[in-house]
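Colleague: I'd like to ask you about the structure that follows.
Readers should treat all values here as calculations from the given coordinates under stated rules, not as data from a laboratory. For clarity, every value in this text was computed on a predicted model and none was experimentally measured. Don't worry about glycine lacking a Cβ; one is built from the backbone with ideal geometry, like all the others, and counts go over all protein chains shown.
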Amino acid sequence: MIFIDACFRKKTPYTPVWFMRQAGRYLKEYKEVRAKAGDFLSLCKNPKLASEVTLQPIDILGVDAAILFSDILVVPMEMGMKLDFLVGEGPKFAKPIENEQDLIALSEDSHLQLNYVYDTISLTRESLAEDKALIGFCGAPWTLATYMIEGESSKTYHKSKKILYTNPYFLHQLLKKITHNLQNYLEMQIQAGVNAVMVFDSWAGALEAEAYLEFGFAYCKEIASFIKKKYPHIPVILFPKGICGALEQIDGDFDVFGVDWNTPIKRAKDILGEKYVLQGNLEPCRIYNKDSMLKGAKEILDTMENKGHIFNLGHGVLPDLPKENIQELVKFIHNYKG
Ligand code: CP3
C-alpha cells in the first residue's frame, strides 16, 4: 500500500493523497445514503451504509486511502453521554460534564459498545482494493473533553479553560479516563482491520502552547506509545490543529505529523521533517478556485519533493467545495513530476 509505505518513509512512485472529511455533504452520493439512513448518527450506526460512504471517495476521487466513516463523538456518547446532531446546529450533549459525579458516571468500557464501528471496518476492508489503506481514527482527549464540557461546538472554549485554570486536577482526571477509553477503542479498530490510525486534536489551538503540551499533546503521546508498543507495523498519525507556535516542542513515539494550513509547510519540514513524515496541508478554501488550488498544491509538492510526505488538506473538506476541483487535484498530485 503506497499510503502505508509513505507513512514509514519508504520510497513511493508518487505522493499519496487523501482528504480529511473526504466522505461528506459535498458528494450527492453521500447525501443519498444519509437520507436512506435517516440521520447522521443512524448512518454511523449502520455498518452497511457507513461502509458504503467510506468507499465513495475511493471510487469518486481516486484517493490512496479510505477513512472509516464515523465521528469522534461516538466515544463520549458510548461513555454514557446522550448525544444529538441537530440539523444546522451540529452536535449537542444533553448533559455536559460539570462535576465529580458526572466524571464518575462515565464508562471505562465504551470500546465494548462500539461494535457497529468494528463491523463497518471489517465490511469496508472486505470490499476495499488491496492497495488502498483503511485509516481508523479517534478524537484526541482534549478535543473530546471540550465537547463533553461545553456540550456543543464552541468559539471560546471558556468552560473547558475555566476548569483548566481553576481545577486542573479535575481536567486531568477526565482526560485520563478519555485516554483509557481511546486506547482500547483504537486497539479494537486495529483488530477489526484498519491499516493506520489517526488522532484528531481539532481544538489544540484553543490553548497556550505550554497548556496544550500538558493537557493536550501529553495524552496524544500516551495513546500513540500504547499503540506503537503493541502494533509497531500500524502507522500512528497525530494532528494537533493550530499549534504552529509549539512545533519545536513536539516529540513522541508516532510516525506521521498532520500539518494544519496555518503552518507554512517549509517551517514544519525544517523543524519536524527529519523525525516525522508530514501530512498536509493545503488550505481547503483554495479549492474554490482552481488556479489557487493548483498553485498551492505545487508549492507544497515542490517543498516536500515526495520525501516523507502524504498530501492532504490543512483541515477538512467543506460541504460546498466543488467535487470536480477535488478530482482534478488528486490527478494533479498523482501525475506531478516536480
Ligand atoms: O473524514 C472523513 O471523511 C471521515 C468521517 C469523519 C466525520 N467526522 C464525519 C462527519 C471524521 C474523521 C470526523 C471527525 C470529527 N468530527 C472531528 C475532527 C475533525 C475535524 O473536522 O476537525 C470533529 C471536530 C467532529 C465533530 C463534528 N462532527 C462536528 C462539529 C460536526 C458538525 C459540523 C458539520 O460539519 O456539520 C460533525 C458532523 C459530521 N461528522 C458530518 C460528517 C460527514 C456532517 C454530518 C451530516 O451529514 O450532516
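Colleague: To the nearest 10 degrees, how steeply does helix 115-127 sit against the main Cα axis of the chain, on a 0 to 90 scale?
Modeller: Approximately 10 degrees, to the nearest 10.
Colleague: When the convex hull of the Cα atoms of segment 36-121 is projected onto a plane and the area is averaged over all directions, what value comes out in nm²?
Modeller: Convex hull of Cα atoms, orientation-averaged projection: 6.9 nm².
Colleague: Quick one: divide the alpha-carbon radius of gyration of the chain by 2.2 N^0.38 Å and tell me what you get. Don't skip to the end; give the middle numbers.
Modeller: Working: Rg = 18.9 Å, N = 338, 2.2 N^0.38 = 20.1 Å.
Its radius of gyration relative to the 2.2 N^0.38 Å reference: 0.94.
Colleague: What order do you get for 14-20, 298-304 when each peptide is scored by the mean count of other beta carbon atoms within 10 Å, highest first?
Modeller: Details: 14-20: 23.3, 298-304: 17.3.
The densest-packed peptide leads the list: 14-20, 298-304.
Colleague: A further question follows. Would you mind telling me the antiparallel percentage of the DSSP bridges in the chain, rounded to 5?
Modeller: Approximately 15 percent, going by the DSSP bridge assignments.
Colleague: Measuring from centroid to centroid over Cα atoms, what is the spacing of segment 137-170 and segment 196-236 in Å?
Modeller: About 16 Å separates the Cα centre of segment 137-170 from the one of segment 196-236.
Colleague: Mean shadow of segment 99-216, computed from the convex hull of its alpha carbons, in nm²? Provide the component values of the computation, followed by the final result.
Modeller: On the way: hull surface 32.8 nm².
Average of the hull's projected areas for segment 99-216 equals 8.2 nm².
Colleague: Tell me the Kirkwood hydrodynamic radius of segment 145-268 in angstroms, computed as one over the mean inverse distance between distinct C-alpha pairs.
Modeller: Here the Kirkwood hydrodynamic radius works out to 15.3 Å.
Colleague: Taking the Cα centre of the chain as the origin, how large is its charge dipole in debye, to the nearest 20, when only Lys and Arg (+1) and Asp and Glu (-1) carry charge on their Cβ atoms?
Modeller: Dipole of the chain, to the nearest 20 debye: 480 debye.
Colleague: Still on this structure, please answer the following. Could you pull the Cα extents of segment 18-59 along its three principal axes, largest to smallest, in whole Å?
Modeller: Sorted from largest, the Cα extents of segment 18-59 read 26, 17, 16 Å.
Colleague: Oh, and also: Between their Cα atoms, which of LYS28/LYS269; LYS176/LYS331; LYS45/LYS177; LYS92/LYS266; LYS36/LYS295; LYS36/LYS228 are more than 32 Å away from each other?
Modeller: LYS28/LYS269; LYS176/LYS331; LYS92/LYS266; LYS36/LYS295; LYS36/LYS228
Colleague: How tilted is helix 168-192 with respect to the longest principal axis of the chain? Cα atoms for both, answer in degrees (0 to 90, nearest 10).
Modeller: 50
Colleague: Could you give the spread of the C-alpha atoms of segment 147-196 along their three principal axes, from largest to smallest, in whole angstroms?
Modeller: The Cα atoms of segment 147-196 stretch 41, 24, 15 Å along their principal axes.
Colleague: Further question: Can you give me the convex hull volume of the Cα atoms of segment 208-327, divided per residue and expressed in Å³?
Modeller: So the per-residue Cα hull volume is 118 Å³.
Colleague: Relative contact order of segment 261-329: what whole-number percent is it, with Cα pairs under 8 angstrom and at least 6 residues apart?
Modeller: It comes to 42 percent, rounded to a whole number.
Colleague: Using Cα springs under 10 Å in a Gaussian network model of the chain, which residue among LYS221, LYS28, LYS48 shows the largest mean-square fluctuation?
Modeller: LYS28
Colleague: I would also like to ask the following. Over segment 1-160, what lengths in whole Å, largest first, do the semi-axes of the equivalent ellipsoid take, defined as the square roots of 5 times the eigenvalues of the alpha-carbon gyration tensor?
Modeller: Largest first, segment 1-160 gives 30, 18, 15 Å.
Colleague: Residue by residue through segment 281-287, which ³J(HN,Hα) values in whole Hz follow from phi under the Karplus form 6.51 cos²θ - 1.76 cosθ + 1.60 (θ = phi - 60°), with glycine and proline marked x?
Modeller: Values per residue, Gly and Pro as x: 8, 5, 4, x, 5, 4, 5 Hz.
Colleague: Another question, if that's okay. Any idea what diffusion coefficient segment 256-330 gets from Stokes-Einstein, in µm²/s, Kirkwood Rh on alpha carbon pairs, 4 °C, 1.567 mPa s?
Modeller: 104
Colleague: Any idea what the relative contact order of segment 112-196 is, in percent, if you count C-alpha pairs under 8 Å spaced at least 6 apart?
Modeller: Details: 55 pairs, mean separation 44.4, N = 85.
Here the relative contact order equals 52 percent.
Colleague: Mean separation of Cα pairs under 8 Å and 6+ residues apart, divided by the residue count of the chain: what relative contact order is that in percent? All intermediate terms of the calculation are to be shown ahead of the outcome.
Modeller: Values: 603 pairs, mean separation 72.9, N = 338.
Computed over the chain, the figure is 22 percent.
Colleague: OK, next. Helix 218-230 versus the longest principal axis of the chain: what is the Cα-based angle in degrees, 0 to 90, to the nearest 10?
Modeller: So the helix axis and the longest Cα principal axis differ by about 70 degrees.
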